[in-house]
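A.B. asks: Sending over a structure as structure tokens; questions will come in a sec.
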Amino acid sequence: GKTPEGDTPPIHLPRKGDLASDECFVPAGPFRCGGDALAPEGLPASSVWVDDFVIRRFQVTYADYKDYLQALHDAGLEDAFKAALPVHEAAGAGSTGASCFAVDSDGRVELAEDPSGRLPEAEWPIAFVSFRQAASYASWFAESTGQKWRILNEFEWEKAARGVDGRFHPWGNAFAATWCNMEMSQVEKQPVKVESFPVDSSVYGVRGMAGNLSQWTSSEWKSGMLLAPYQRVPEQTPVEVSGVYRVFRGGGWMLPDAISRSCSRVGFDDTDGVAHVGFRLGRSLR
């Protein structure tokens, strides 16, 4: 295909060994964006050019986030550690008294019970993390690995979820509650391990895009956005800008099937954490 500028671009593919087993490659090119009348706040049908990128197969888990907190604690970065702590909604804004993590007497960061007495499992996707906290984690992970990991924008997320052919869900157009973790999937509604629900997989091998936890994107919330045919991803609000509404995408364990549709969009304050919203990382190849 051609770029929006009309030239025929070279094809960039990762070389053998460039990707880890938990990374998925999404090649450059246009994809059928939006166009799903049943998706709340979905974008109008268009074809948007997205450059190639790599996305992590699974969302960031409690175990992953615990490693981050442990690194901050061990480095003596007390202010950064406190700022990174996810806080249960029941605790109230600014409180650190009901975090899902605690430090024991030996200085080890451990998982802690939520206000209902439920202890999150290590391989559940991390919840209650604000976009600001997710972006800080991405910066730490990028520095730790020497790779430019970041939070993907909503167009990258949508392409990774639905491919290029306009399907409504990662696996296709049909839907069943047993195929992803949403409000009708379990008797006891709760998150599950990221490797659960194998049907919830995109054509690129990305897991958990229709259920379990919704995911932050770096895109600022805009309703009724108009897209020109074959345009590149619109200019994005920098991650450094705080206090705006950011888009989260994907279904969640407590959400209805309409939100499991890959075109669905929700905007939320980027300083707040939510019980059904987590995040995953991506990076450009070049």
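A.B. asks: Of the residues that make up region 196-216, is at least one surrounded by 17 or more Cβ atoms within 10 Å (Cβ to Cβ), over 20 Å from Val274 (Cα atoms), in contact with a helix residue (DSSP H, G or I) (Cβ under 9 Å, 6 or more places away or on another chain) and among the polar types (S, T, N, Q)?
C.D. replies: Narrowing region 196-216 to residues surrounded by 17 or more Cβ atoms within 10 Å (Cβ to Cβ): 196-197, 200-204, 206-216.
This time we only want the ones that are over 20 Å from Val274 (Cα atoms), so: 196-197, 200-204, 206-207.
After this cut, where a residue has to be in contact with a helix residue (DSSP H, G or I) (Cβ under 9 Å, 6 or more places away or on another chain) as well, the list is 197, 200, 202-204, 206.
Right, trim to among the polar types (S, T, N, Q) and you get 202.
Yes - at least one qualifying residue is present in region 196-216.
A.B. asks: Next question. Within region 12-27, count every residue that is open to solvent by 50 Å² or more (accessible area, probe 1.4 Å) and aliphatic (A, V, I, L, M).
C.D. replies: Here the count works out to 2.
A.B. asks: Quick test of your reading of the structure: Thr237 fulfils all but one of (1) of a type in the set (Val, Ile, Thr); (2) touching a strand residue (DSSP E or B) at 6+ places or on another chain (Cβ under 7 Å); (3) in contact (Cβ under 8 Å) with a residue 60 or more places away in the chain. Name the failing condition by number.
C.D. replies: (3)
A.B. asks: Would it be correct to say that Phe53 is closer than 30 Å to Arg232 by Cα, in contact (Cβ under 8 Å) with a residue 12 or more places away in the chain and not hydroxyl-bearing (Ser, Thr, Tyr)?
C.D. replies: Judged against the criteria, Phe53 is a match.
A.B. asks: Is there any pair with a first residue in region 112-135 that is within 16 Å of Arg280 (Cβ to Cβ) and open to solvent by 40 Å² or more (accessible area, probe 1.4 Å) and a second that is outside any helix (DSSP H, G or I) and of a type outside the set (A, V, I, L, M, F, W, C) whose Cβ atoms are under 6 Å apart and which are 6 or more apart or on different chains, and what are they?
C.D. replies: Glu123/Thr61; Glu123/Lys193
A.B. asks: For Phe175, which of the numbered conditions (1) open to solvent by less than 20 Å² (accessible area, probe 1.4 Å); (2) touching a residue at least 60 places away in the same chain (Cβ under 8 Å); (3) in a loop (DSSP other than H, G, I, E, B); (4) under 21 Å from Cys263 (Cβ atoms) fails to hold?
C.D. replies: Single failed check for Phe175: (1).
A.B. asks: Here's a follow-up. Restricting to region 32-53, and then to whatever is under 23 Å from Leu281 (Cα atoms), not aliphatic (A, V, I, L, M) and not in a loop (DSSP other than H, G, I, E, B), can you tell me which residue is most open to solvent (accessible area, probe 1.4 Å)?
C.D. replies: Arg32
A.B. asks: Among the residues of region 154-162, is there at least one that is modelled with pLDDT of 95 or more, over 13 Å from the mean Cα position of the chain (by Cα) and either surrounded by fewer than 17 Cβ atoms within 10 Å (Cβ to Cβ) or part of a loop (DSSP other than H, G, I, E, B) (or both)?
C.D. replies: no
A.B. asks: When region 100-150 is examined, which residues are found to be assigned to a loop (DSSP other than H, G, I, E, B) and hydroxyl-bearing (Ser, Thr, Tyr)?
C.D. replies: Applying the first criterion (assigned to a loop (DSSP other than H, G, I, E, B)) to region 100-150 yields 100, 104-108, 112-124, 126-130, 146-149.
Within region 100-150, Ser105, Ser116, Ser130 qualify.
A.B. asks: Given the options Val233, Val274, name the one that is among the β-branched types (Val, Ile, Thr), open to solvent by less than 50 Å² (accessible area, probe 1.4 Å), at pLDDT below 95 and closer than 25 Å to Ala63 by Cα.
C.D. replies: Details: Val233 fails: closer than 25 Å to Ala63 by Cα.
Among Val233, Val274, only Val274 is among the β-branched types (Val, Ile, Thr), open to solvent by less than 50 Å² (accessible area, probe 1.4 Å), at pLDDT below 95 and closer than 25 Å to Ala63 by Cα.
The values are calculated or read from the model by the stated rules, or taken from the named source; none is laboratory data. Owing to the predicted nature of the structure, the values given are computational and were not obtained by experimental measurement. Virtual Cβ from ideal backbone geometry, glycine too; neighbours counted across all protein chains shown. For the accessible areas, the whole protein counts, side chains as well, though only heavy atoms, and no ligand, DNA or RNA atoms are used. Shrake-Rupley method; radii C 1.70, N 1.55, O 1.52, S 1.80 Å.
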